[in-house]
1. Viscosity 1.306 mPa s, temperature 10 °C: what is the translational diffusion coefficient of the range 29-72 from Stokes-Einstein with a Kirkwood Rh over Cα pairs, rounded to a whole number of µm²/s?
2. Keeping every protein chain in place, order 194, 119 by accessible area at 1.4 Å, biggest value first, i.e. largest first.
3. Using 5 Å bins from zero, what percent of all Cα-Cα pairs in the range 87-201 falls into each bin?
4. Please state the shape class of the range 153-195: rounded when a/c is under 1.5, otherwise prolate if a/b exceeds b/c and oblate if not, all from the C-alpha gyration tensor.
5. Using Cα pairs under 8 angstrom and six or more residues apart, how large is the relative contact order of the range 14-145, in percent?
6. Considering the options 178, 61, 153, tell which one lies farthest towards the positive end of the dipole of the chain, charges being +1 on Lys and Arg and -1 on Asp and Glu at the Cβ, about the Cα centre.
7. Along the Cα→Cβ direction, 7 angstrom out, place labels at residue 280 and residue 95. What is the inter-label distance in nm?
8. Multiplying the sequence separation of residue 50 and residue 76 by 0.36 nm and subtracting their Cα-Cα distance, what value in nm do you get?
Amino acid sequence: MKKTILASAILLAGAANAAEVYSNDDTTISLGGSFRGNVVVNSSDDVKFQDAGSRFDIKAVKDIEDGLKAFGHLEVKYSGSTGDTLYMQKAIVGLEHDVYGTATLGKQMGLNDDLVMNDFSYENGVYNEDNALFGSDSEDQLKYAKSFGGASVVVSLMDQDTYAIGGTYEVAGLTVGGSYNIANDRTVNAVVVDNSTYIVGAQYSLDALTLGVQYQSSEVGSEDFSAYGLGAHYQLGQAGVYAMYDVLDGKFDDSVLKGDGSIIVLGADYELVKDVKAYVEFDSSDFDVDGSASSDSDEKVTIGARVYF
């Protein structure tokens, strides 16, 4: 499930499940993460049993003086898509001040991912799959974040040609946010092009019901594409149900800009005990290739579980 951009802005908060493993007068070290697995059923002849991105992270925080803290955060993630691989999702060092905000340096996610506020799914989000085109993937950058009451501002600099700015505002159960990325001189299909993207999202919570919307527009060289989506989540005690509908007008996939498409996701989850969740999702996608009368339609069911620590 996606979080709001505030989860990125308040970097020291980290995962709610992180356990403190060491502490003295001015230094704290915590360990957290999650084990993830799922079964993906595309058809009776196509069933996959797999890890779904298990990861662990280590955080160290050291109090300096007068509200200033130094910290480090390392997150290691497993990927089985190209063989058994462990890679660094995040590796940063930073400073946080109660008044002046937070600055971080190192490999970390960009702004866009947290603004996909209509996505309540575990496995089926379709936005921002091309974040690397815009400098909003997990990559080295200098990031600054500052909160002002219910508002936050985040600025990132990846290199002299790639930068981003964004923020959110929260009031009375409503969260709105947006970001804008510029990524010049990026190599796409062996051609150096200038890319840009912006995304706006909103989420409103009332008791057990949460509604989300978002819109994204991107340019890659001379090509452009856009997308928008709606989503809803309803909490029923330890159980939750959710739905998501996304529409895409053009989409980079396997280095080819395709035509129009849509995806609908229906899902439910259940918290067996604290920090142990099981879920099931059904999704149906349909994408028409530009210049072709045919279309690709896919349906699948995903059954999975996560253990957070």
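The values are calculated or read from the model by the stated rules, or taken from the named source; none is laboratory data. Small disclaimer: the values here were computed from a predicted structure and weren't measured. Methodologically, a virtual Cβ is constructed for each residue, glycine included, from the backbone with ideal geometry; neighbour enumeration extends over all protein chains shown. Accessible surface areas use protein heavy atoms only, side chains included; no ligands, DNA or RNA. Shrake-Rupley method; radii C 1.70, N 1.55, O 1.52, S 1.80 Å.
1. Values: Rh = 13.8 Å.
Taking Rh from Cα pairs, D becomes 115 µm²/s.
2. Result of the area sort, largest leading: 194, 119.
3. With 5 Å bins starting at 0, P(r) equals 2, 11, 19, 21, 21, 15, 7, 2, 1, 0.
4. Numbers: a/c = 6.16, a/b = 2.77, b/c = 2.22.
Prolate is the answer for the range 153-195, as a/c is 1.5 or above and a/b outweighs b/c.
5. Values: 250 pairs, mean separation 20.0, N = 132.
Value for the range 14-145: 15 percent.
6. Sorting the options by dipole projection puts first 61.
7. 5.3
8. Result for the pair: 7.6 nm of gain on full extension.
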